[in-house]
Amino acid sequence: MTAPHTLAKGQSGAAGSGPKIPTSSALLKWVYLGRLSVATAIFVAFSFYFTEHPPAQFFIITLALVLSLVFTGASFFHTHVRGVVPTPTFLYMQTLFDLGLVTAVVHVTGGANSDFASLYILVIAVSAVTMPIASGLLVTILAAVLYIADVLFGLYFGDVEGPVQLSVSLWFQVGVFVLVALAVSYLASRVRVVGAARTVLEQEVKRLRLEAPDILRQLVTGVVTVGGDGSLAFANPAAEQLLGFQSERYLGLPFLGFLENVSEELAKGIVMAQRDRRRRMRLNGSVVSDGRTFPIGVTTTLHETEGEEPASVTAIFTDISDQVRLQELNRRTERLEAVAELSASLAHEIKNPLASIRSSVEQLGKSAYADEDDQLLAELIIRESDRLSRLLTDFLDFSRLQVGEPQPVHMAAVAEAAVAVVREHPDCPPDADLTIEGHCAPIIGDEDLLHRVVVNLLLNAMQASGGKASVKLVLRDVEASDVPGGALREPCILLEVSDTGPGIPPELREKLFDPFVTGRDGGTGLGLSIVQRAVVAHRGLIFVDTETGKGTTFSIYLPRARRKEVAA
């Protein structure tokens, strides 16, 4: 019968089976129904059952029914027909009307001896549930004041006798009012706290349910869930792309057979997790998909089930090609550093004795006692000594390779100068297609060393392409996130040299940058080793992508110069 305290628009409490407070609209419906039921029941009772009563009481009951019909109808039209959200003032007016109605009913049914005094408790209880504690106590005080006033009116102006009702029943009833208000207010406050917490939790769960599919769809990491019976339960788009299949074809169907053909290690990891009930496993494997093979890192997670039923397993895997390339790059750099130190030591130890041998043989060849055979042998020794000296010089250049005096370098100008040099080289066919595309920001480095790098790469590409060579050099700016494996943490430039040659033979790919490894007759095998060391000296990275019959591409990432460095 009492009006509820105002609630936020649209608030429905916490959904589910937990404690909750009804909405204001739902509570008002019950308030309207209860109010009209009480007013009608009392009117009917006085009209047909309690015929002996003063006319004033019947007038009060009739007036209460009429006012209840009018006030309730107007309130219902306001809140449920027009759809206006109840304001605190509106709700307090409902409470005051209900207190007045209960007071009228108690007055005409005996005052202190009325059996309907308990309706005050209902008003107080509903107010305590829907209002703050202070407002609920205020309603309790008002109910007590109205009840005491009605009892006192009956004692002094009516025919009710006996101070017993005033001293015992009255104060006992008021005490019940207060206890009910306090108890229900406390319980209501706890319900509000729990309901608010549940609402927040369910909103978070709802948000996560909405976001989780989007997150899984946007992940670049593959996620596959296989049920205990070996059927596919879930696969995100990244898994479909990495494994080369469509999940719609396998959902709810056996999946391990297909998985064994694509990635044996991934299938074994899922089977082992189910068989051994191991909650987490980490392993490496490879995937054969769309004609290419690439390494993957796999983590499996077990979803426990009750009893002996096979558990489902979720496998999370990702392409680790970039990480493998970076690891190989680090190993290659370490090997080159070791070879550089050894080369420097050997070159110093050999070069001086070799110069003495050459000088001595040259003197012997010019001696008056030397015949033609002696002079021929002397010339042969001198020629081979010069070749060894040049080779030792290359060794020393390789071992001493470092950035001299760093300064801003425009790679477009370096590339144009390198192209001009390669065009004049004897190994460059007259009809060769040698082009430069793009541009990039300056870098800080050694211009002569970078020129040597570009010349080496262009010349190697030209020699590998053969007759109608087609070599392209591309320059562009890239962000750190575009560098494979995230190996660099600053903006870079990318220099790509690609050719249309036969590709690098498989037997040379693993040791391509090692010193003295060459696939060309007459080569020293130091060119790409020097390129590697020069790129590392500039804090950069070099990668090679090659495929038999489809050419080769060398990609160099070098950190861009900062504005302050360029200005300096």
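With the Kirkwood sum run over all distinct C-alpha pairs, the stretch 222-319 has a hydrodynamic radius of 13.1 Å.
Determine the alpha carbon to alpha carbon distance for each of 351/511; 351/472; 351/468; 268/511 and list only those over 30 Å.
Result: 351/472; 351/468; 268/511 exceed 30 Å.
Roughly what would the spin-label model give for residue 84 and residue 41, points 7 Å off Cα along C-beta, in nm? For residue 84 paired with residue 41, the spin-label model returns 3.1 nm. Given +1 at the Cβ of Lys and Arg, -1 at the Cβ of Asp and Glu and no other charges, the dipole of the stretch 407-567 around its Cα centre is 380 debye to the nearest 20. Taking other residues whose beta carbon is less than 10 angstrom from the beta carbon of residue 483, and scoring Lys, Arg as +1 and Asp, Glu as -1, yields -3.
Which ordering of 240, 405 is given by a fewest-first count of other beta-carbon atoms within 10 Å? Walk me through the numbers before you get to the answer.
Numbers: 240 15, 405 7.
The order, fewest Cβ neighbours first, is 405, 240.
Packing here is the average count of other Cβ atoms within 10 Å per residue, and on that basis the peptides 222-230, 457-465, 61-69, highest first, run 457-465, 222-230, 61-69. Under a plain spin-label model, where a point goes 7 Å from the Cα along Cα-to-Cβ, how far apart in nm are residue 448 and residue 149? Output for this residue pair reads 10.8 nm.
A cut-off of 5 Å between modelled amide H atoms, ignoring neighbours fewer than 5 places along the same chain, links residue 236 with 223. Listed by Cβ neighbour count within 10 Å, with the fewest neighbours leading, 35, 539 appear as 539, 35.
Dividing the mean sequence gap of close Cα pairs (under 8 Å, 6+ apart) by how many residues the stretch 407-567 holds gives a relative contact order of 25 percent.
Over the stretch 407-567, all Cα pairs binned in 10 Å intervals from 0 give whole-percent P(r) values of 11, 41, 37, 11, 1, listed from short to long. Going by neighbour counts of Cβ atoms within 10 Å, the residues 293, 95 line up, fewest first, as 293, 95.
Between residue 299 and residue 246, full extension at 0.36 nm per residue minus the direct alpha carbon distance yields a gain of 16.9 nm.
Can you give the direction-averaged projected area of the convex hull of the alpha-carbon atoms in the stretch 439-519, in nm²? Mind showing how you got there, number by number?
Values: hull surface 27.4 nm².
Result: a mean projected hull area of 6.9 nm².
No lab work stands behind these numbers, since they all come straight from the coordinates. Being a predicted model, the structure only gives us computed values, none of them experimental. Virtual Cβ from ideal backbone geometry, glycine too; neighbours counted across all protein chains shown.
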